[in-house]
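Beneath this line is the structure, given in structure tokens, with notes to follow.
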Amino acid sequence: MHFTVTLLADPPAQMLPARSQMAFTLASHIILVPLGVALPLITLIMHGYGLRRDDETALLLARRWSAVMAVQFAIGIVTGTVLTFEFGLLWPGMMGRWGDVFGIGFGVEAWAFFLEAVLIAIYLYGWRRLPARTHFLLGLPLPFAALLGAFGILAANSWMNTPRGFTLDAAGNPVDVKIWKAIFTPMFGPQYWHFVMAMFVTAGYVVAGVYAVGRLRGRRDRYHRLGFAIPFTLAAVCTPVQFMLGDSIARQVFHKQPVKFAAMEIVWNTDTHVPEYLFGRLHPNGTISGGIKIPQLDSILAGFRPDTKVTGLTSVPASDRLTAAEATITHFAFDAMVGLGSLLLLLALWYGLVWLRHRRLPASEWFYRSAACAGVASVVAVECGWVTTEVGRQPWIVYQNMRVADAVTSTRASSLWIMFGLVVLVYVFVFGSFLVVLLKMRTRWRLADERGAPQAPETDTPYGPRSAVGSAGTPGSGGDATASSEGGRT
């Protein structure tokens, strides 16, 4: 027994570099995911608004956003491909034993990726080349393709949290796989809708934040008002829905993954009338320091009653639960996510109250300062959500079926550190290129606006090929903007 405990206390040397690389690539990739999932919908809402109202500014915004969407998709290909290879290179134990069970999710994601690539190419090519209605209708499947990709990834991840759809043979290998049960696990529905709504909220605030900054710099033309209003309205409507979904998924974790819930709330011993700690720190002996203690609140939140029994970390052996440090990380990430979500909810309520009372956008500069920060805050909240999900499952890579230590590669730790360093360099280059491209696009668009380019290039002859090249400000200039803005546009 003593020998077994010693082995469990000394994880393989490959664990740290493998987990570090996976954490880095996931955290980097997830920055792009909200735009990948939700920007097609935001773009098509703006596109449809422009066609319905014959609004040249809305069409211009939709066209520019479609260009950003294509660049983001190209960058996402690189980061997503790296992640795909890492599953096999870093965690061969999991993929070798369980790949036949949950791999269908990655297959769905691959098909969705292929479909989305085709649809984005058609949509981007269709500006000025297709009839307006045809072009818009061809773009409508784009949001569904993005949601299908999220479906595949969340199916795989929710299976890792609540594995179902198989039986184990005498050697412990999965057999008799039932695909539908493996996809639609108990955590799939709560995780999927919580994730999708988070993407809508985050993308809406990120896009709106760009135009909030423009307003703070004095650009108060219709271009910036419309560029802010539509994505922010989508995010504001989704924020309270996301808050309710977040409460629902926390309750599902309480029932389906009680030890993870104990880590999220740093509950050491199983008990009733459990207090809630805001940003407290758990120590190895079970004591908690720091934070704000609210008596009985954790039991009330879990079961709506102060006498609700909450499972503690000590309900399972030490080898089957998180360390005190991992539980503290999970708890901090969870509290940060909830705290940022609460602030975003207050911002959405502020926006909604002003709109209901005055039928206009808020005028307060503090509102737009907050809106400019909301995009960053929502991205941080998404990162914290994934930290809660992944760290909170430790030490399991497949919950209660395979530990992370049993899945990690046998490649030398030094080689993994070298590979990690190379991945960091590649990602610095990729994200640096992404930023440079976005800045160049912004500069080109602003210069086009300042030149006073022709009105509504998207409807030139109408929605057809570009006119012959001419001087700036004439119908043949092929300019890429509507009327000049007040001081340029973002």
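The values are calculated or read from the model by the stated rules, or taken from the named source; none is laboratory data. Keep in mind it's a predicted model, so treat the numbers as computed, not measured. Cβ placement follows ideal geometry from the backbone for every residue including glycine, while neighbour counts extend to all protein chains displayed. Only protein heavy atoms, including side chains, enter the accessible area calculation; ligands, DNA and RNA are left aside. Shrake-Rupley method; radii C 1.70, N 1.55, O 1.52, S 1.80 Å.
Assorted remarks:
- Test: residue in region 185-204 that is closer than 24 Å to residue 435 by Cβ, of a type in the set (Val, Ile, Thr) and touching a residue at least 24 places away in the same chain (Cβ under 8 Å): yes
- Count of residues meeting criterion [in a helix (DSSP H, G or I) and out of contact with any helix residue (DSSP H, G or I) (no Cβ under 8 Å at 6 or more places or on another chain)] in region 122-136: 1
- Condition met for residue 209 (open to solvent by less than 10 Å² (accessible area, probe 1.4 Å), over 25 Å from residue 384 (Cα atoms) and part of a helix (DSSP H, G or I)): no
- Condition met for residue 156 (modelled with pLDDT of 85 or more and more than 23 Å from residue 243 (Cα to Cα)): yes
- Residue check, residue 106 within 27 Å of residue 416 (Cβ to Cβ), open to solvent by 40 Å² or more (accessible area, probe 1.4 Å) and either in a helix (DSSP H, G or I) or basic (Lys, Arg) (or both): yes
This table checks each residue for (1) open to solvent by 40 Å² or more (accessible area, probe 1.4 Å); (2) assigned to a helix (DSSP H, G or I); (3) within 30 Å of residue 423 (Cα to Cα).
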residue	(1), (2), (3)
96	yes, yes, yes
159	no, yes, yes
164	yes, no, no
190	no, yes, no
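- Single residue of region 124-145 satisfying the filter (open to solvent by less than 60 Å² (accessible area, probe 1.4 Å) and under 21 Å from the mean Cα position of the chain (by Cα)) that is nearest to residue 21 (Cα to Cα): 145
- Listed conditions (1) under 23 Å from residue 215 (Cβ atoms); (2) outside any helix (DSSP H, G or I) are all met by residue 352, apart from (2).
- Some residue of region 69-92 being closer than 28 Å to residue 394 by Cα, acidic (Asp, Glu), touching a residue at least 40 places away in the same chain (Cβ under 8 Å) and open to solvent by 30 Å² or more (accessible area, probe 1.4 Å): no
- For the residues 94, 22, 69, the requirement of being modelled with pLDDT of 85 or more, in contact with a strand residue (DSSP E or B) (Cβ under 6 Å, 6 or more places away or on another chain) and hydrophobic (A, V, I, L, M, F, W, C) singles out 94.
- Residues of region 279-300 that turn out to be open to solvent by 60 Å² or more (accessible area, probe 1.4 Å), assigned to a helix (DSSP H, G or I) and within 19 Å of residue 392 (Cα to Cα), as a count: 0
- Residue in region 321-333 that is modelled with pLDDT of 90 or more and farther than 20 Å from residue 394 by Cβ present: no
- Considering 112, 121, the condition of being aliphatic (A, V, I, L, M), out of contact with any strand residue (DSSP E or B) (no Cβ under 6 Å at 6 or more places or on another chain) and surrounded by fewer than 20 Cβ atoms within 10 Å (Cβ to Cβ) is satisfied by 121 alone.
- Among the residues of region 174-188, those identified as open to solvent by 50 Å² or more (accessible area, probe 1.4 Å) and out of contact with any Phe, Trp or Tyr (no Cβ under 9 Å at 6 or more places or on another chain) are 179, 180, 184.
- Scanning region 311-324 for residues that are closer than 12 Å to residue 265 by Cβ and touching a Pro at 6+ places or on another chain (Cβ under 8 Å) yields one hit, 311.
- Residue check, residue 319 without any contact (Cβ under 8 Å) to a residue 40 or more places away in the chain and either in a loop (DSSP other than H, G, I, E, B) or open to solvent by less than 70 Å² (accessible area, probe 1.4 Å) (or both): no
- Test: residue in region 226-234 that is within 25 Å of the chain's Cα centre (by Cα), among the aliphatic types (A, V, I, L, M), open to solvent by less than 60 Å² (accessible area, probe 1.4 Å) and closer than 21 Å to residue 382 by Cα: yes
- Scan of region 130-150 for residues that are of a type in the set (Phe, Trp, Tyr) and in contact with a Gly (Cβ under 8 Å, 6 or more places away or on another chain), ordered by number: 136
- Test result for residue 330, outside any loop (DSSP other than H, G, I, E, B), closer than 20 Å to residue 197 by Cβ, among the hydroxyl-bearing types (Ser, Thr, Tyr) and open to solvent by less than 60 Å² (accessible area, probe 1.4 Å): no
- Qualifying positions in region 357-399 - surrounded by fewer than 20 Cβ atoms within 10 Å (Cβ to Cβ), touching a residue at least 12 places away in the same chain (Cβ under 8 Å) and in a loop (DSSP other than H, G, I, E, B): 361, 362, 395, 399
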